[in-house]
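One structure below.
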Amino acid sequence: MRKIIHVDMDAFYASVEQRDFPQYRGRPLVVGGRPEQRGAVAAASYEARKYGIHSAMPARIAQQRCPELIFARPRFDVYKEVSGQIREIFHRYTDLVEPLSLDEAYLDVTTNALEEPSALVLARAIKADIHSTTQLTASAGVSVNKFLAKMASGQNKPDGLTLILPEQAEAFVAALPIEKFHGIGSVTARKMHALGIVTGADLRQWAEADLVQHFGKVGHFYYRVAHGQDDRPVNPNRIRKSLGAERSFSPDLTTLADMLTALDRVADEVISRLQEQRRRGYTLTLKVKYANYRQITRSRTFVTAIGAESPILQWAEEMLLAHCDRSQPVRLLGLILSNLEPTGGPDHVQLSLEV
């Protein structure tokens, strides 16, 4: 039985700014672009979150919700430096560290440098080391697999520490709202609600084959986590360069309406995978194969990385409308997001290149 810790820094970018600038402490603050720059929120302090402000929200809306909101320009060199300090702490305890972004990681402490049998004791020590080194707080979740540890770390933020024992897993997952599941984003949650899936208990009632039919291959993942199962190892060497999805059609698609409907399904699958893998990327590529097997690809590259909360479907539709030969039946549609990095940058974008 594995012993997994998920460590998630509390409002990381905003907390670094409040640490370094005393005038920001206790005040609603966001890191990101300003409203006049058409920017977006990359991170929000807990004081700002009380106003319903969250990451990826347009800065204009954030300011409307809190007129006294402070906007801080991102200092990614500082965040990366602090992240490096935190990872050094992780490696004092175990070599099995899988970073998901600058501010969170999985640790497998089944075997650890201190030969400590209690993962809860280790998580408490890691949190204390992070605070003494960086003056920042972290929340940690402890359980027997990555999914449960991830869910546990979000239960008592900020500065939380939550343990989910094996015998508690079934009841915990059953009571969890479906939109709180790691790997289920807002788009998928809405689809699940339409199917009557509101909680983990509802999801558990579905057969694996039916989930795959409705949600594609990620349905296998939904089925397993609904039962508290997750056999993914903590992988310190995982590198993904792209994520994508594609669908073939029989009969071929002949109307624009059918193409757009199909593209929506493909985009939803890409978004689900980005959420599951906690990735963003810089280049979005549309793939179209016609009935005569002629194939085209069109790409857009962005200045800043885009992720699951970005309007991926909108950009895909724009490329389809601009470049697809509508006189030709379509046999296959695909979307790929490449040049990936862990989630951690701002969610606002500027187009820089189209090829």
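If you project the alpha carbons of region 13-72 onto their three principal axes, what span does each projection cover, largest first, in Å?
27, 20, 16
I'd like the trypsin sites (Lys or Arg not before Pro) in region 1-63 restricted to DSSP loop residues with at most 14 other Cβ atoms within 10 Å, sorted by number.
Working: sites: 2, 3, 19, 25, 38, 49, 50, 60; in loops: 2, 3, 25, 38, 50.
When the trypsin sites (Lys or Arg not before Pro) of region 1-63 are filtered for loop state and at most 14 Cβ neighbours within 10 Å, 25, 38, 50 remain.
Could you point to the residue in 149, 314, 30 farthest towards the positive end of the chain's charge dipole, with +1 and -1 charges on the Cβ of Lys/Arg and Asp/Glu respectively?
The one lying farthest along the dipole's positive direction is 314.
DSSP H helices in the chain with Cα extent of 15 Å or more along the helix axis and mean Kyte-Doolittle hydropathy at least -0.5?
Counting only whole DSSP H runs, the qualifying helices are 119-134, 256-277, 312-323.
Let me check I've understood the local charge: for residue 266, count other residues with C-beta under 9 angstrom from its C-beta, Lys and Arg +1, Asp and Glu -1. What total comes out? Numbers along the way, then the final one.
Working: positive: 247, 265; negative: 246, 264, 268, 269.
In short, -2.
Among 253-261, 148-156, what's the highest-first ranking by average C-beta atoms within 10 angstrom per residue?
So the peptides 253-261, 148-156, ranked by packing, come out 148-156, 253-261.
Quickly estimate the mean residue ellipticity at 222 nm for the chain, helices only: each DSSP H run with n ≥ 4 gives -39500 (n - 2.57), and the total goes over all residues, rounded to 500. Working shown, then result.
Details: 13 runs with 134 residues, N = 355.
Dividing the helical sum by the residues of the chain leaves -11000 deg cm²/dmol.
List the pairs from 50/241; 80/287; 180/217 whose alpha-carbon separation is above 32 Å, in the order I gave them.
Too far apart for the 32 Å limit: 50/241; 80/287.
With Cα extents along the principal axes in Å defined as stated, name the option among [x] 65, 49, 36; [y] 74, 55, 31; [z] 62, 56, 43 computed from the structure displayed.
Computed from these coordinates, Cα extents along the principal axes in Å corresponds to label [x].
Computed from the coordinates by the stated procedures, all read-outs in this text should not be read as laboratory data. Values in this document were obtained by computation on a predicted structure and should not be read as measured data. As a convention, Cβ positions derive from the backbone with ideal geometry for all residues, glycine included, and neighbour counts pool all protein chains shown.
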